[in-house]
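See below for the structure under consideration.
The values are calculated or read from the model by the stated rules, or taken from the named source; none is laboratory data. Model, not experiment: these values are computed from the prediction. Ideal geometry is used to build each Cβ from the backbone, glycine not excepted, and the neighbour counts take in all protein chains shown. Note: areas computed on protein heavy atoms with side chains; ligands, DNA, RNA excluded. Shrake-Rupley method; radii C 1.70, N 1.55, O 1.52, S 1.80 Å.
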Amino acid sequence: MHTLIRTALTLLLTTVALNAHADLKQLGTDFRTMMSNYTMNQAIKQRCPDITLPEMQSRPTVERAMQNKLGIQNYIQLMMSINKSDDKKNALATVDKLWESIEGCEDPKLTAALGRIAKAHSEAYARFESEPALVKPKDVPVPMRRR
């Protein structure tokens with residue numbers, strides 16, 4: 001049980017101790033943390049279909065924001081890197097360890113773990129959102145008034 005808690009805290013709450021203003025490396029770390037959180041929530045939902053997951057920023061919103069921050073080419077390279085990494089496997093291993101220490105879908109430890117995931121996610125998203133974009137945003141066309 002303690003091993004699971006240590007692993008989950010290490011994986012999910014690493015963003016707590018970091019500065020509010022991050023750099024490019026932190027932007028990527030926060031993005032990967034959020035992607036891992038989505039994977040963990042999905043795995044938990046598959047095991048407990050009736051469980052209510054905590055509210056978090058949606059995955060399409062986070063992905064769109066990252067595309068806007070990096071530009072499409074850099075975003076594609078980042079996603080290829082993430083797909084080749086062990087991030088998904090590690091997130092699923094964390095859920096497996098969680099499952100070893102709880103007694104089913106009704107266990108309060110599961111609810112507490114979901115709360116920690118949501119907290120880590122919201123902190124990562126707050127830092128992520130505050131970072132400036134690497135590319136200039138596209139100009140929004142303004143229609144001209146005609147009289």
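Given a 1.4 Å probe and the protein chains as shown, Val142 ends up with an accessible area of around 120 Å². Using a probe of 1.4 Å, the accessible surface attributed to Arg116 totals some 60 Å² when neighbouring protein chains are kept in position. The simple spin-label model puts a point 7 Å past each Cα toward its Cβ; for Lys45 and Lys109 those points are separated by 2.4 nm. Given axes a ≥ b ≥ c from the Cα gyration tensor, I'd like to know whether segment 28-142 is rounded (a/c under 1.5), prolate (a/b larger than b/c) or oblate. Prolate, because a/c is 1.5 or more and a/b exceeds b/c. Distance between the 7 Å Cα→Cβ label points at Lys119 and Gln77: 3.7 nm.
Extending 7 Å from the Cα toward the beta-carbon at both Leu24 and Glu131 defines two label points whose distance is 1.0 nm.
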